[in-house]
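Below: the structure, in structure tokens.
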Amino acid sequence: MAQNVTNVSHTEEVSSTRRVIAASSVGTLIEWYDFYIFGTLAKIISEQFFPKDNPTAALLATLATFAAGFVIRPFGALFFGRLGDLIGRKYTFLVTLVIMGGSTFAIGLVPGYKTIGFFAPAIVFILRLLQGLALGGEYGGAATYVAEHSPEGKRGFWTSFIQTTATLGLFLALGVILTVRQMLGVETFTDWGWRIPFILSALLVGVSIFIRMRMSESPLFAKMKKEGKTSANPLAESFKQKDNLKMVLIALLGATAGQGVVWYTGQFYALSFLQNACNIEFVQSNIIISIALLIGTPFFIVFGALSDKIGRKYIMMAGMLIAVIAYRPIYTIMYNDANLKTKEVIEDKTVNKMKYEVKGTDSLITSVTTKLYTDGTSFKETVKHKFPVDPALKAALPKDKLKPETKKEVTLPQALYYKMIGLVLIQVIFVTMVYGPIAAFLVEIFPTRIRYTSMSLPYHIGNGVFGGLVPLISTRLVEATRPAADLPPADPLAGLWYPILIAGVSFVIGSLYISNKTNNLDVE
Amino acid sequence: MSAIKRIFGLLWTIMGVGIIPLVIMQAMKEIAAKPSEENWIFWSIVIVVLMPIIAFSLITFGIFALKGEYDVIA
């Protein structure tokens with residue numbers, strides 16, 4: 001009889017665990033989905049709402065990209081973190097979900113610049129800021145909520161499911177976009193079909209809200225509230241009290257800053273490097289990243305669970321150190337494998353095609369050269385030269401307007417393609433090492449009464465600011481090595497110095513000042 | 001270990017202070033050489049967003065470490 005009661009109780013516990021993880025993870029995944037579709041459809045959104053010939057709209061486009069990515073997220077962390085420590089985790093991360101879903105849905109309905117003029121970019125800009133604000137509040141809530149439900153000794157494993165959502169959200173976004181585009185065709189998708197992934201968000205969020213509404217408040221927060229031990233001013237307690245500020249700084253400098261750059265390098269910079277430095281063809285480069293992410297995603301859970309056994313610090317620091325040491329060798333191999341200068345071309349397989357056409361008042365000369373190399377690599381270069389048919393108009397145009405548009409595409413043979421997947425996968429493993437245990441680490445170093453506020457800020461500064469700036473700063477570092485505007489950069493790997501430096505400093509600080517001890521969560 | 005933590009504290013403080021003139025001088029140099037919109041946006045982001053975070057956090061962290069606040073970490 002006693003055995004039956006124990007079994008029933010265990011079954012209920014497992015079922016409850018699954019519900020908590022599912023409710024939290026699905027919501028967070030949808031928030032990432034909402035956040036990513038804007039970024040993935042940035043080009044179309046820019047054409048619809050932010051015309052380049054309007055300087056104010058163009059400025060808003062830049063601000064929308066950067067501000068929502070890293071300026072607003074820490075504010076969201078502060079605003080919703082405070083709310084979560086005052087009124088509870090459940091209702092706060094329900095609110096962030098509603099704001100995120102509502103903003104995303106609304107972006108899908110905003111008429112374009114051609115219809116309502118300047119109001120279009122202004123409205124989209126505000127909605128994008130709301131997205132950033134909501135994202136800033138979501139992660140801390142979900143991580144705290146799951147952690148506060150977790151049994152001791154399993155917190156790393158439980159919270160690691162939240163850690164997978166950022167990657168799965170990207171998958172979902174790419175999947176929905178590619179499916180809709182495939183179903184409607186490129187032209188219809190560019191015209192209005194791009195709105196569907198945004199509008200679809202309302203449905204996803206609706207389901208997630210329904211699931212979350214049925215969840216109960218975090219047991220630790222509920223107990224603390226019942227005992228009247230909640231913080232009256234979480235912001236002041238988090239950042240004005242020395243003991244807590246000390247931990248916020250350690251979390252930022254010793255963990256999330258390094259984690260943020262390793263995450264962005266493995267998940268986003270790798271793709272940009274494949275496409276821009278290696279000129280790998282668009283579909284092939286996306287598939288390389290997708291497969292590496294898909295294979296690598298379960299490792300978030302592996303390292304989250306492992307951190308319960310050997311400690312969070314050792315895994316995170318190992319991830320940072322190996323990344324710092326390995327980045328340049330990995331990227332050197334990636335670059336060399338796609339470098340056509342090291343390959344032998346098969347001369348009789350080279351094909352040149354040229355086409356001349358008149359489009360309206362413009363002439364368009366398209367020249368396509370395809371080459372095949374002995375190792376099976378193929379190369380395609382498309383040069384488009386557009387100029388007015390009228391010679392007088394052509395002569396009046398500045399030189400930079402007449403510059404031909406060149407597109408280079410390298411398609412790797414199967415062996416190199418698999419090798420490239422392996423090289424990206426290694427970077428994804430670094431990501432899972434630093435990111436898998438971090439939610440558990442963050443929740444454990446802050447007290448329950450101010451946990452939501454205290455952990456959200458370093459997380460979003462680390463990821464949003466330090467990580468979010470990887471593309472911008474890395475591109476800049478590469479450009480700085482370019483001897484002249486029309487010459488290739490002298491060091492295409494120079495962009496790696498930024499993540500290497502930040503992760504290196506983070507590793508030293510984390511190794512010296514972070515404890516590997518796993519702390520219990522309490523209500524004191 | 002505590003002594004190493006404190007010595008490094010001095011290093012973090014110096015790094016935090018040093019980064020301010022370094023970034024500002026680099027920004028002025030690059031903008032003067034090429035005052036494009038792209039340059040302005042890049043350096044504005046670095047100076048307004050990234051630099052204050054790095055400088056403030058490194059200086060405060062360094063001072064705490066120097067004072068021995070991190071000698072024992074829970």
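Take residue A:362 and tell me if it is charged (D, E, K, R), over 22 Å from residue A:281 (Cα atoms) and surrounded by 10 or more Cβ atoms within 10 Å (Cβ to Cβ). Please lay out each step first, then the result.
On the way: charged (D, E, K, R): yes; over 22 Å from residue A:281 (Cα atoms): yes; surrounded by 10 or more Cβ atoms within 10 Å (Cβ to Cβ): yes.
Yes: the conditions hold for residue A:362.
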| For the stretch A:250-259, does any single residue satisfy the condition of being part of a helix (DSSP H, G or I) and closer than 30 Å to residue A:338 by Cα? | yes
| request: Please state which one of A:406, A:369 is outside the structural domain of residue A:251 (by TED's automatic domain parsing), polar (S, T, N, Q) and over 24 Å from residue A:271 (Cβ atoms). | output: A:369
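Condition check ((1) open to solvent by 50 Å² or more (accessible area, probe 1.4 Å); (2) within 14 Å of another protein chain (Cβ to nearest Cβ)) across all residues:
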site	(1), (2)
A:207	yes, no
A:213	yes, no
A:236	no, no
A:241	yes, yes
A:248	no, yes
A:259	no, no
A:274	no, no
| message | Of everything in the stretch A:470-524, what is among the β-branched types (Val, Ile, Thr) and within 11 Å of chain B (Cβ to nearest Cβ)? Give them in sequence order. | response | A:473, A:475, A:502, A:505, A:508, A:509, A:514
| request: Return yes or no: is residue A:185 closer than 24 Å to residue A:22 by Cα and open to solvent by less than 40 Å² (accessible area, probe 1.4 Å)? | output: no
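Tell me the residue from A:446, A:466 that is among the aromatic types (Phe, Trp, Tyr) and more than 10 Å from every other protein chain (Cβ to nearest Cβ), please. Write out each step before concluding.
On the way: A:466 fails: more than 10 Å from every other protein chain (Cβ to nearest Cβ).
Checking each option against the conditions leaves just A:446.
Could you tell me whether any residue of the stretch A:149-162 is open to solvent by less than 10 Å² (accessible area, probe 1.4 Å), outside the structural domain of residue A:262 (by TED's automatic domain parsing), more than 22 Å from residue A:106 (Cα to Cα) and of a type in the set (D, E, K, R)? Spell out how you get there, then give the answer.
Looking only at the stretch A:149-162, we keep the residues that are open to solvent by less than 10 Å² (accessible area, probe 1.4 Å), and these are A:155-156, A:159-160, A:162.
Imposing the further condition that a residue be outside the structural domain of residue A:262 (by TED's automatic domain parsing) reduces the set to A:155-156, A:159-160, A:162.
Now restrict to residues that are more than 22 Å from residue A:106 (Cα to Cα): A:155-156, A:159-160, A:162.
Remaining after also requiring of a type in the set (D, E, K, R): A:155.
The answer is yes, given that some residue of the stretch A:149-162 is open to solvent by less than 10 Å² (accessible area, probe 1.4 Å), outside the structural domain of residue A:262 (by TED's automatic domain parsing), more than 22 Å from residue A:106 (Cα to Cα) and of a type in the set (D, E, K, R).
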| query | Restricting attention to the stretch A:276-294, and to residues there that are touching a strand residue (DSSP E or B) at 6+ places or on another chain (Cβ under 8 Å) and not aliphatic (A, V, I, L, M), which single residue is most open to solvent (accessible area, probe 1.4 Å)? | reply | A:282
| remark: Per the filter on the stretch A:465-524, residues of a type in the set (Phe, Trp, Tyr) and under 21 Å from residue B:26 (Cα atoms) are A:466, A:497, A:498
| message | Looking at the stretch A:479-497 only, could you name the residues that are open to solvent by 20 Å² or more (accessible area, probe 1.4 Å) and either in contact with a strand residue (DSSP E or B) (Cβ under 7 Å, 6 or more places away or on another chain) or not in a loop (DSSP other than H, G, I, E, B) (or both)? | response | A:479, A:497
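Matching residues to (1) outside the structural domain of residue A:273 (by TED's automatic domain parsing); (2) over 35 Å from the mean Cα position of the chain (by Cα); (3) loosely packed, with under 15 Cβ neighbours inside 10 Å; (4) not in a helix (DSSP H, G or I):
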{"site": "A:318", "(1), (2), (3), (4)": "no, no, no, no"}
{"site": "A:321", "(1), (2), (3), (4)": "no, no, no, no"}
{"site": "A:328", "(1), (2), (3), (4)": "no, no, yes, no"}
{"site": "A:335", "(1), (2), (3), (4)": "no, no, no, no"}
{"site": "A:354", "(1), (2), (3), (4)": "yes, yes, yes, yes"}
{"site": "A:358", "(1), (2), (3), (4)": "yes, yes, yes, yes"}
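Considering every residue within the stretch A:428-450, establish whether at least one is touching a strand residue (DSSP E or B) at 6+ places or on another chain (Cβ under 8 Å) and of a type in the set (Asp, Glu). Walk me through how you get there before you give the answer.
Of all residues in the stretch A:428-450, those touching a strand residue (DSSP E or B) at 6+ places or on another chain (Cβ under 8 Å) come to none.
For the stretch A:428-450, residues touching a strand residue (DSSP E or B) at 6+ places or on another chain (Cβ under 8 Å) and of a type in the set (Asp, Glu): absent.
Out of the residues in the stretch A:397-430 meeting the condition of being at pLDDT below 85 and open to solvent by less than 80 Å² (accessible area, probe 1.4 Å), tell me which one is nearest to the chain's Cα centre (by Cα). Before the answer, list the steps.
Taking the stretch A:397-430 as the starting set, the residues that turn out to be at pLDDT below 85 are A:397-405.
Now narrow it down to the ones that are open to solvent by less than 80 Å² (accessible area, probe 1.4 Å): A:397-398, A:402, A:404.
Numbers: A:397: 40, A:398: 39, A:402: 36, A:404: 33 Å.
Only one residue fits best here, namely A:404.
Being more than 25 Å from residue A:45 (Cβ to Cβ) and not small (Gly, Ala, Ser) is the requirement here; does residue A:78 meet it?
Numbers: more than 25 Å from residue A:45 (Cβ to Cβ): yes; not small (Gly, Ala, Ser): yes.
Here the answer is yes, as residue A:78 does meet what is asked.
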| remark: Scanning the stretch A:295-311 for residues that are open to solvent by less than 10 Å² (accessible area, probe 1.4 Å) and assigned to a helix (DSSP H, G or I), the one farthest from residue A:381 (Cα to Cα) turns out to be A:307
| The one condition in (1) open to solvent by 10 Å² or more (accessible area, probe 1.4 Å); (2) within 30 Å of residue B:41 (Cα to Cα); (3) at pLDDT 90 or above that residue A:459 fails to fulfil | (1)
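Out of A:221, A:198, which single residue is within 23 Å of residue A:88 (Cβ to Cβ) and in a helix (DSSP H, G or I)? Steps first, answer last, please.
Numbers: A:198 fails: within 23 Å of residue A:88 (Cβ to Cβ).
Only one candidate passes the filter, namely A:221.
With a cut-off of at least 3 residues that are hydrophobic (A, V, I, L, M, F, W, C), name the helices (runs of 4 or more DSSP H) lying wholly within the stretch A:363-468. Before you say what the answer is, go through the steps one by one.
Values: elements: A:391-396, A:414-435, A:438-445, A:451-460.
Because the criterion is at least 3 residues that are hydrophobic (A, V, I, L, M, F, W, C), the helices (runs of 4 or more DSSP H) in the stretch A:363-468 that meet it are A:391-396, A:414-435, A:438-445.
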| Could we say that residue A:467 is surrounded by 23 or more Cβ atoms within 10 Å (Cβ to Cβ) and at pLDDT 90 or above here? | yes
| Across the stretch A:340-352, what is the number of residues that are at pLDDT 90 or above and not in a strand (DSSP E or B)? | 6
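For the stretch B:27-59, how many residues meet the condition of being in contact with a helix residue (DSSP H, G or I) (Cβ under 8 Å, 6 or more places away or on another chain) and either more than 9 Å from every other protein chain (Cβ to nearest Cβ) or free of Cβ contacts under 8 Å to residues at least 40 places away in the same chain (or both)?
Within the stretch B:27-59, the subset in contact with a helix residue (DSSP H, G or I) (Cβ under 8 Å, 6 or more places away or on another chain) is B:27, B:30-31, B:39-43, B:45-47, B:49-51, B:53-59.
Checking the rest, the ones that are also either more than 9 Å from every other protein chain (Cβ to nearest Cβ) or free of Cβ contacts under 8 Å to residues at least 40 places away in the same chain (or both) come to B:27, B:30-31, B:39-43, B:45-47, B:49-51, B:53-56, B:59.
Looking only at that region, the number is 19.
The values are calculated or read from the model by the stated rules, or taken from the named source; none is laboratory data. Bear in mind that the values here come from a model prediction, so they are computed numbers and not experimental data. Quick reminder, even Gly has a Cβ in these numbers, built from the backbone with ideal geometry, and neighbours come from all protein chains shown. Side chains are part of the model used for accessible areas, which takes the heavy atoms of the whole protein and leaves out ligands, DNA and RNA. Shrake-Rupley method; radii C 1.70, N 1.55, O 1.52, S 1.80 Å.
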